[in-house]
Every structure is written in C-alpha cells, then in structure tokens.
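Visitor: Before I ask anything, let me first share the structure, which is written out below as structure tokens.
The values are calculated or read from the model by the stated rules, or taken from the named source; none is laboratory data. All values reported here derive from a predicted model rather than from experimental measurement. Neighbour counts run over all protein chains shown; Cβ positions are idealised from the backbone, glycine included. We work out accessible area using only protein heavy atoms, side chains counted, and drop any ligands, DNA or RNA first. Shrake-Rupley method; radii C 1.70, N 1.55, O 1.52, S 1.80 Å.
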Amino acid sequence: MENLFEELCKDYRFKEGFHNCINCGTCTAVCPAAEFYKYDPRRIVDTVQTRDDAQIEALLKSDTIWYCGECMSCVTRCPRKNGPGLVIMALRDLSIRLGYFTESEKGRQMLPLTHTMTGNILKYGYCIHPETFKWEDHMESGPVWKWHMEHLEKSMKRQGANYMGEGPGVLRKIPQESLDELKAIFDVSGGTERIRTVEEYSRKKAMEMGVSIEEYEKDAFEHCSETHFNE
C-alpha cells in the first residue's frame with residue numbers, strides 16, 4: 001500500500017474537506033462533540049497535515065476519529081472552507097479498510113452498528129425499526145419509551161402510521177421487490193463488501209481477545225469507558 005496520506009488523498013471527501021488549514025480552532029469551538037468528548041477536530045487536521053505515516057496510523061487506530069457526529073458545523077464556520085467532518089469520514093473509511101478500527105473501543109462499535117443499521121435497511125427498508133429497537137437495550141430512553149414499545153401497534157395506529165401494513169404510510173411494509181433492489185445497490189456500491197470487511201476484521205480481533213464473536217459484539221454495544229468524556 002502507498003503511504004497513508006496518499007491513500008487519504010484518493011478519497012473525494014478528503015479532497016473536498018482538506019485545504020489550507022490555518023489552525024484557528026474555529027472548528028473545535030463550534031463542534032458539539034468537542035463539548036462532551038476529549039475531541040479536537042483542529043488537532044486531527046493538524047495531524048493529517050504532517051503527512052507522517054506513524055501519526056496518521058495512530059489516529060486511524062484511536063477512538064478519536066469515532067467521536068464526530070458528522071453534523072458538519074465545522075464546514076459552515078471554517079474561514080478557509082475546510083471540512084474536518086469530511087476528513088473524519090475519509091479517516092474512518094481508511095481505518096475500516098485496513099482493519100485498524102478494531103484497535104479502539106469506539107471503533108469496535110462498528111460491528112453492532114453495521115449489523116443493526118444495514119440489517120434494518122436490508123430486512124425492513126428502514127435505518128431504524130421498532131422491531132429491532134428494544135427498550136431493554138436502551139433503558140436510558142425511559143419509561144415513556146418502554147410503554148410505547150409495550151403498546152407498539154396501538155401507539156402507531158394512534159399516530160396514523162401504517163405499521164407493517166400494505167400500501168402507503170409511515171413504517172409501511174416495504175415490498176420484497178424494493179428490498180431486492182436495495183440489496184443490489186449494496187452489492188454494486190460496495191456496501192455488501194464493507195459489511196464483510198467489518199465482520200472479518202471483527203472476528204480476527206475477537207479471536208485475538210480470546211472471546212466469541214457474540215461476546216465481542218455484546219461488549220462493543222454495551223461498554224463505554226469513562227475516559228472518553230471531558231471532566
């Protein structure tokens with residue numbers, strides 16, 4: 001493989017988001033993630049600008065690149081029209097392709113996220129679906145959401161949704177023909193290959209850690225160290 005900076009330069013998001021950073025810190029000042037996490041988008045861009053493979057590799061293996069919410073507030077405020085959020089997208093993509101994402105706690109969350117999001121899209125046609133959003137897994141959502149999940153069909157009907165029904169309407173059942181088209185899009189666009197890549201590197205990491213892939217995924221979904229947050 002060519003050096004990491006040159007690999008990043010091949011990504012159109014990197015080309016769009018990486019120009020002449022003057023390290024003013026505006027991106028960090030406006031960043032919502034920086035308020036809560038030990039996260040500084042200015043430092044990320046600064047690291048990439050070094051073009052130093054060792055530093056970029058450390059970044060690809062770190063939790064840091066997974067804190068960004070991709071809200072793109074940084075793009076709207078940067079005086080040089082940089083897009084640290086776009087740079088982050090390119091870094092995440094490269095981290096996954098090289099398998100470096102399994103070296104960080106936040107990076108390992110890619111496995112349950114990939115299974116949940118892509119699983120929902122391919123099975124139901126929606127990124128988030130009530131059938132897979134269990135209250136037991138998200139107790140922070142509180143008693144109102146618990147009641148909602150326990151009375152799902154009744155609640156959906158009151159809101160006017162056509163929940164898993166035929167024809168038009170919110171949360172309607174997506175025809176199999178449309179789901180087959182979604183699968184074909186995943187196949188030709190690289191989405192299916194991306195799922196396989198995440199699963200392959202995650203299995204290798206689980207073996208390295210001496211746990212089953214099920215235990216690995218459960219820990220990645222449930223565990224969050226306090227070290228990620230600002231004091």
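Visitor: Express in nm, to one decimal, how much length is gained between Asp180 and Phe36 on full extension, taking 0.36 nm for each residue of separation and deducting their alpha carbon distance.
Guide: Taking Asp180 through Phe36 to full extension adds about 47.8 nm, to one decimal.
Visitor: Which of the chymotrypsin sites (Phe, Trp or Tyr not before Pro) found in the stretch 94-128 are loop residues per DSSP with 16 or fewer other Cβ atoms within 10 Å of their Cβ?
Guide: Tyr126
Visitor: Taking all protein chains in place and a 1.4 Å probe, what share, in percent, of the accessible surface of the stretch 1-63 do carbon and sulfur account for?
Guide: About 47 percent, which is the carbon plus sulfur part of the accessible surface.
Visitor: Of the candidates Cys21, Cys31, Cys71, which one comes out as most mobile in a Gaussian network treatment of the chain with C-alpha springs shorter than 10 Å?
Guide: Most flexible of the set in this elastic network: Cys71.
Visitor: Still on this structure: Name the residue from Gly167, Cys24, Ile213 whose Cα lies farthest towards the positive end of the charge dipole of the chain, charges +1 on Cβ of Lys and Arg and -1 on Cβ of Asp and Glu.
Guide: Result: Gly167.
Visitor: Would you work out the charge dipole size for the stretch 1-99 about its Cα centre, treating the Cβ of every Lys and Arg as +1 and the Cβ of every Asp and Glu as -1, and quote it to the nearest 20 debye?
Guide: In debye, rounded to 20, the stretch 1-99 gives about 320.
Visitor: Can you list the chymotrypsin sites (Phe, Trp or Tyr not before Pro) in the stretch 1-94 that are in a DSSP coil and have 10 or fewer other beta carbons within 10 angstrom?
Guide: Sparse-neighbourhood loop chymotrypsin sites (Phe, Trp or Tyr not before Pro): none present.
Visitor: Still on this model: Just the accessible area per residue of the stretch 23-132, please: how many Å² with a 1.4 Å probe?
Guide: Solvent-accessible surface per residue comes out at 45 Å².
Visitor: While we're on this one: What number in nm² do you get for the stretch 155-214 if you take the convex hull of its Cα atoms and divide its surface by four?
Guide: The orientation-averaged projected area of the Cα hull of the stretch 155-214 comes to 6.5 nm².
Visitor: Right, here's the next one. In percent, how large is the relative contact order of the stretch 1-119, given Cα pairs closer than 8 Å and 6 or more residues apart?
Guide: Answer for the stretch 1-119 is 32 percent.
Visitor: Additional query: Anyone know which of Gln176, Gln49, Gln109 comes out most mobile in the 10 Å Cα GNM of the chain?
Guide: Among Gln176, Gln49, Gln109, the largest GNM mean-square fluctuation belongs to Gln176.
Visitor: Find, among the GluC sites (Glu not before Pro) in the stretch 150-200, those assigned to loop by DSSP (not H, G, I, E, B) with at most 16 other beta-carbon atoms within 10 angstrom.
Guide: Those that pass, being in a loop and sparsely packed, are Glu166.
Visitor: Using Cα springs under 10 Å in a Gaussian network model of the chain, which residue among Asp219, Asp40, Asp187 shows the largest mean-square fluctuation?
Guide: Of Asp219, Asp40, Asp187, the Gaussian network model singles out Asp187 as fluctuating most.
Visitor: Give the value in nm², to one decimal: projected area of the alpha carbon convex hull of the stretch 53-150, averaged over all directions.
Guide: With every direction weighted equally, the projected area is 8.7 nm².
Visitor: Where nothing but the Cβ of Lys and Arg (+1) and of Asp and Glu (-1) is charged, how large is the charge dipole of the stretch 1-52 around its Cα centre, in debye to the nearest 20?
Guide: I would put it at about 140 debye.
Visitor: If you build the Cα gyration tensor of the stretch 1-107 and take the root of 5 times each eigenvalue, what three semi-axes come out, in whole angstrom, biggest first?
Guide: Here the semi-axes work out to 20, 16, 11 Å.
Visitor: Counting only protein chains, not ligands or nucleic acids, how are Ile88, Ile195 ordered by accessible area (probe 1.4 Å), most first?
Guide: Sorted by accessible area, descending: Ile195, Ile88.
Visitor: If you don't mind, there's one more thing I want to ask. Need the C-alpha centroid separation for the stretch 142-189 versus the stretch 32-69, integer Å.
Guide: Here the two parts' Cα centres lie 37 Å apart.
Visitor: Averaging over every viewing direction, what projected area does the convex hull of the Cα atoms of the chain cover, in nm²?
Guide: It is 15.3 nm².
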